């Protein structure tokens, strides 16, 4: 299982990207099933992996933020036995029940003090830099393990690579294979002018979150975009990160082939979340409940399964029951996922009617992904000035530039009703009766915006956005954000 952090699918060749960022991943995709509309239920990193590992949406597992009470999984409660039943049915335990020896090479648990992630592992290798690793620091451990154990039967290896995560960090010696190549051109001069006026963290003028400082250790990662031409550095930096980790993917598959086990090995390639690259005015961050943050790649090469493309809507929590069906393991009744194993084995449509996507670390948003529509409800904007309701036609407007909520009230209203229906259903299954988003709001709002109002208002005034500063103060009173 290749867990490739911050990997936006439409920056991969197998998903139609014109730049040659991913020949290694593309080769696996040609032999497997590629899922076009696969989403993390809860973004970003910590909430996404909490949902993946527990098989429960954040509204039920409780881990929806990056700090405060809602950055931890809920305790099982009064019915907890000698062991925590939730963790006994987590991702790696599924493989254990199927008779596999489970191994992970990842810094994730330490990065977020999320040690529940390790449940069910026989071996765990912490690469030690809390997600600041580059592939050349991770791969020696991976290669050593595979060279010693790859020819054995019944192992499951989880590999976590971070090169596409901010700050974009492909080594200087990698060069820039995309120098001079066109980059996505949807950000026109007129659109870029709007982005320069954007108010909110991770905007064009504050890519680092609340300022424009650059770290000389990461020259591929700009602190701000001042001219449209600066977009090239940003897109090249992100794409170089993808291309660099793709070399590691190719090396892993090469070792499996050298060992003579590649054809008999299932390979799952996915991510925790995507990345906004200009959408809704945000750059180089995964801070929303929008399409670009929550949509992730899912590629599954499974022995005996023919290559195909799946266009249904799926959550990352759907992986656990799917694995149970494929591995002949009993699923856990408390999971929120639904199996799509028949999509793999029989080509059936196993997609959901709609998805609800959540973000509570940078903003508090819940979104509905239905047909070609994305409906976004914002409860706390995280110092952005978003409308409370937004509606985007992703077929015509994949980069979320035109809010149609006012023009299409019937569609917006239908999506709002789907959201209310989902919330009622989830709360009926929520053993505590507490929505963790409400906990985040009660504790002062999203972790990454708390305590930032005064400093950011000063910066806005200093950079010619005084009107935005006054609106920030109106929406986010200082005394409520300390």
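Where a number appears in this text, it was derived from the coordinates with a stated rule and is not lab data. Everything quoted here is computed from the prediction, not taken from an experiment. All Cβ positions, glycine included, derive from the backbone under ideal geometry; neighbour counts span all protein chains shown.
Some notes on this structure:
- Separation between Cα centres of region 1-78 and region 286-312, rounded to whole Å: 9 Å
- Each of 101, 273 has some number of other Cβ atoms within 10 Å of its Cβ, and from fewest to most they run 101, 273.
- Cα centroid of region 404-464 to Cα centroid of region 207-221, whole Å: 28 Å
- Gyration tensor (alpha-carbon) shape descriptor, region 380-482, a/c threshold 1.5: oblate
- Residue 428-residue 227 FRET efficiency (beta carbon distance; Förster radius 35 Å; 0.05 resolution): 0.10
- Region 294-396, relative contact order [Cα under 8 Å, separation at least 6], %: 17 percent
- Between region 139-183 and region 229-279, the Cα center-to-center distance that results, in Å: 7 Å
- When only Cα pairs below 8 angstrom with a gap of at least 6 residues are kept, region 2-352 shows a relative contact order of 29 percent.
- Per residue, the Cα convex hull of region 267-373 amounts to 122 Å³.
- Relative exposure of 393, 336, 311, judged by other C-beta atoms within 10 Å (fewest first): 311, 393, 336
- Paramagnetic reach from residue 76 in region 98-122 [backbone N under 13 Å; point 7 Å along Cα→Cβ]: 120
- Placing dummy labels 7 Å off each Cα toward the beta-carbon, the span from residue 113 to residue 387 is 4.0 nm.
- With contributions of -39500 (n - 2.57) from each DSSP H run of at least four residues, the per-residue ellipticity at 222 nm computed over the chain stands at -9500 deg cm²/dmol.
- Taking a ≥ b ≥ c as the square roots of the eigenvalues of the alpha-carbon gyration tensor, region 24-102 is classed oblate because a/c is 1.5 or more while a/b is no larger than b/c.
- Shown here is the pair-distance distribution of region 79-209: with all Cα-Cα distances grouped in 5 Å bins from zero up to the longest one, the shares run 2, 8, 12, 13, 14, 12, 10, 9, 8, 6, 3, 1, 0 percent.
- Inverse of mean 1/r across different Cα pairs in region 2-352, Kirkwood, Å: 20.8 Å
- Here's the picture: a label point sits 7 Å out from the Cα of residue 85 along the beta-carbon direction, and within region 316-340 the residues with their amide nitrogen under 18 Å of it are 321, 330-337.
- Cβ-to-Cβ counts within 10 Å put 230, 5 in ascending order as 230, 5, the fewest first.
- Two-site label geometry, residue 123 and residue 395: point separation in nm, points 7 Å out along Cα→Cβ: 5.0 nm
- Working from label points 7 Å from Cα in the Cα-to-Cβ sense, the residue 153 to residue 327 distance is 1.7 nm.
- As a length-normalised measure over Cα pairs under 8 Å and 6 or more apart, the relative contact order of region 343-482 settles at 20 percent.
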